[in-house]
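Have a look at the structure below before the remarks.
The values are calculated or read from the model by the stated rules, or taken from the named source; none is laboratory data. Keep in mind the model is a prediction, meaning the values are calculated, not measured. Don't worry about glycine lacking a Cβ; one is built from the backbone with ideal geometry, like all the others, and counts go over all protein chains shown.
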Amino acid sequence: MMYSHAAGRAAMQPLVQSFVSRAAGCFLDSRLSVPLVAPFVKKNHISLKECTAKQFISFNDFFVRKLKMDARPFSNAPQDFISPCDARLTVYPIHENGKFEIKNTEYTLEQLLRDRKLAKRYEGGTLFLFRLSVDDYHRYLFVDDGVCSTERRIEGVLHTVNPAANDFCPIYKENTRTYTLLQSANFGTLLQMEVGAMMVGKIVNENAGAARRVQRGEEKGYFAFGGSTVIVLAQKGSAVPEKRIWNYSRLGIETRVRQGETVGTAGRTG
């Protein structure tokens, strides 16, 4: 409602600044936030049976909870392209001029990455957009074996990633985001980006400062409280989305997926 009215958008401006999310994060990291856990679990029908822990010292301790090893199985078949997280997935073609369109808002890869040379590598490819809601598991993984680059961080504000907000502001070129390149074994060079959102002042990636070899299914990092987005860019012909996901995406419909679920197949690397 606030995004759909000029007065609401004006009132929203202080709330999208990163210091607001950091302040909220301090409270959610404290023991004072523990009473919020039980009603949140009940409202969002979250099963704690999958968790490695049953007691939590703060709301964020619960929110970034780890799951048991077998809670999110994934395929090791080289041709299977898996989801890095629990999410609502849409896929978008990246046109040869580097433009793509999300909910009638046009973006360019250069705006998204702030790197013209890197953007050129993904022209004609596919953008996988995984939108996490507050009830999703907020840890994400690497989708394939390979060598991961150091992390690049782009500072910005923190709009909600709810699709309603995208109708009124270009959230994917304004929000704080981080990305790494993965020279993968089966899908060419993938770019994986984490996009912060309102009340997500913290994107935590493991060993972000060093290039290293990683494995499919290895945890990459996690988001603190709030809805968030993981974007994976695939080069032309390197990863083909499943037909049902592609068809739903063309109709503007998100597909609910779980971490580790197969969402595409290997193609010809461009």
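I need the full set of residues from the range 212-228 which are part of a loop (DSSP other than H, G, I, E, B) and either of a type in the set (Lys, Arg) or modelled with pLDDT of 90 or more (or both), in order please.
Just the residues of the range 212-228 that are part of a loop (DSSP other than H, G, I, E, B), to begin with: 215-218, 224-227.
Within the range 212-228, 215, 216, 217, 218 qualify.
Look through the range 89-104, keep the residues that are more than 27 Å from residue 261 (Cβ to Cβ) and surrounded by fewer than 17 Cβ atoms within 10 Å (Cβ to Cβ), and return whichever of them is modelled with the lowest pLDDT.
First, the residues of the range 89-104 that are more than 27 Å from residue 261 (Cβ to Cβ): 95-99, 104.
Those left that are additionally surrounded by fewer than 17 Cβ atoms within 10 Å (Cβ to Cβ): 95-97, 99, 104.
On the way: 95: 90, 96: 89, 97: 88, 99: 85, 104: 63.
Checked the range 89-104; the qualifying residue modelled with the lowest pLDDT is 104.
Out of the residues in the range 133-148 that are of a type in the set (A, V, I, L, M) and surrounded by fewer than 24 Cβ atoms within 10 Å (Cβ to Cβ), state the one that is farthest from residue 206 (Cα to Cα).
Of everything passing the filter in the range 133-148, 134 is farthest from residue 206 (Cα to Cα).
If you scan the range 177-205, which residues turn out to be modelled with pLDDT under 80 and not basic (Lys, Arg)?
196, 197, 198, 199, 200, 201
Looking only at residues that are charged (D, E, K, R) and in contact with a Leu (Cβ under 7 Å, 6 or more places away or on another chain) in the range 29-83, which one is farthest from residue 245 (Cα to Cα)?
Of all residues in the range 29-83, those charged (D, E, K, R) come to 29, 31, 42-43, 49-50, 54, 61, 65-66, 68, 70, 72, 80.
With the extra rule that they be in contact with a Leu (Cβ under 7 Å, 6 or more places away or on another chain), the set shrinks to 50, 54.
Working: 50: 27, 54: 35 Å.
Looking at residues that are charged (D, E, K, R) and in contact with a Leu (Cβ under 7 Å, 6 or more places away or on another chain), I get 54.
Which number in (1) at pLDDT 85 or above; (2) surrounded by 21 or more Cβ atoms within 10 Å (Cβ to Cβ) marks the one condition that residue 124 misses?
(2)
If we keep just the residues of the range 25-84 that are among the aliphatic types (A, V, I, L, M), surrounded by 11 or more Cβ atoms within 10 Å (Cβ to Cβ) and under 30 Å from residue 266 (Cβ atoms), which is farthest from the chain's Cα centre (by Cα)?
Across the range 25-84, the extreme among qualifying residues is 77.
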